[in-house]
Amino acid sequence: MKNQLFKGGIAVLVLLITVAFTNTKQEVNVDASTITWTGEKVTGSHNGTIKLKSGHLMMEDEKIVGGEFVMDMSTITVTDLTGESKGKLEGHLKSEDFFGVEKYPNAKLVITSAAKKGTGSYGIVADLTIKEKTHPITFDLKMVGDSASTHLTIDRSKYDVRYGSGSFFDNLGDKTIYDNFELDVNLKF
C-alpha cells in the first residue's frame, strides 16, 4: 500500500512539474492586428501598411519566452498617396529595387529572448529576416491584456534594400532615401 501511495505521489509530482513548465502558444489575430510603416527621404516621407500572415507568442508562467511573426510583403500598401502616384510607389516598393516580393514574399521576426522590465513591458531580442538576410534587432514590447505593441526602427541597408541609399550611392542629393524606416506594430491575440 505504501509503495502504491509513493508511486501515485511521484506521478502527481511529475504531472505538476510538466504542467508548470509547459509553454503556451498565444496565436495572433492577423485580421485585428496592424503594422504601419514610415519611410523618409530628404524631401519628405511616405507611410502605409503591411499585413501579418501569421504569428504567435510563446508564454511560460504568463511571461513571454519566444515568438514568431511572418509578414506578407506582397500586402505593402501606401496610405499617404492616391491614384497613379499610390500605384507607382506600391509597385516600386514591391519591385527588386526594394523588397522584391515576387522572390521574397515573406519577412519574419523570431523572438530569441525576452526580459521582463516592468508591468507588461519587455526588452526583446529577435532575429529579423528580410530578403533572406537575417540580423538581430532589439526593441521594447508592451503587453496589456490581449494586446501588444511596439515601435521598431529598421536599417533597410542591412537587408539588401539599397535603392536611393546615401550609404551606397553618391550624389543623390534630394533623391536620397534614408536607410532607417519605422514600424508601428499593434498585435491582438
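Here is a yes/no grid of residues against (1) modelled with pLDDT of 95 or more; (2) among the charged types (D, E, K, R); (3) exposed (fewer than 12 other Cβ atoms within 10 Å of the Cβ):
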| residue | (1), (2), (3) |
| --- | --- |
| 16 | no, no, yes |
| 41 | no, yes, no |
| 55 | yes, no, no |
| 61 | no, yes, yes |
| 103 | yes, yes, yes |
| 113 | yes, no, no |
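Confirm whether residue 131 is among the charged types (D, E, K, R) and over 20 Å from residue 25 (Cβ atoms). Outline the logic, then answer.
Numbers: among the charged types (D, E, K, R): yes; over 20 Å from residue 25 (Cβ atoms): yes.
Spelling it out, residue 131 is indeed among the charged types (D, E, K, R) and over 20 Å from residue 25 (Cβ atoms).
Across region 63-101, what is the total count of residues that are small (Gly, Ala, Ser) and surrounded by 14 or more Cβ atoms within 10 Å (Cβ to Cβ)? Even if it seems obvious, please write down each step before you answer.
Filtering region 63-101 for residues small (Gly, Ala, Ser) gives 66-67, 74, 83, 85, 87, 91, 95, 100.
From the residues that got through so far, the ones that are surrounded by 14 or more Cβ atoms within 10 Å (Cβ to Cβ) too are 66-67, 74, 100.
Qualifying residue count, region 63-101: 4.
For the residues 91, 83, 66, the requirement of being at pLDDT 95 or above and within 20 Å of residue 137 (Cα to Cα) singles out 66.
Residues that are under 25 Å from residue 24 (Cβ atoms) and not in a strand (DSSP E or B) are absent from region 94-116.
(1) under 14 Å from the mean Cα position of the chain (by Cα); (2) among the hydroxyl-bearing types (Ser, Thr, Tyr); (3) within 24 Å of residue 103 (Cα to Cα): which one isn't true of residue 149, the others all being true? Tallying (1) under 14 Å from the mean Cα position of the chain (by Cα); (2) among the hydroxyl-bearing types (Ser, Thr, Tyr); (3) within 24 Å of residue 103 (Cα to Cα), residue 149 fails exactly one: (3).
For residues in region 118-150 being of a type in the set (Gly, Ala, Ser) and not in a strand (DSSP E or B), which is surrounded by the most Cβ atoms within 10 Å (Cβ to Cβ)? It comes out as 120. Here's a check for you: in region 33-48, which residue that is small (Gly, Ala, Ser) and more than 15 Å from the chain's Cα centre (by Cα) is farthest from residue 78 (Cα to Cα)? Going through the qualifying residues, I end up with 44.
When each of 127, 179, 155 is tested for being touching a Ser or Thr at 6+ places or on another chain (Cβ under 6 Å) and at pLDDT 95 or above, the lone residue that passes is 127.
Only one entry of 103, 158, 142 meets the criterion of being without any contact (Cβ under 8 Å) to a residue 40 or more places away in the chain and farther than 24 Å from residue 76 by Cα, and that entry is 142.
The values are calculated or read from the model by the stated rules, or taken from the named source; none is laboratory data. If you're wondering where the values come from, they're calculated on a predicted model, not measured in any experiment. Reconstructed Cβ throughout: ideal geometry from the backbone, glycine too, with neighbour counts over all protein chains shown.
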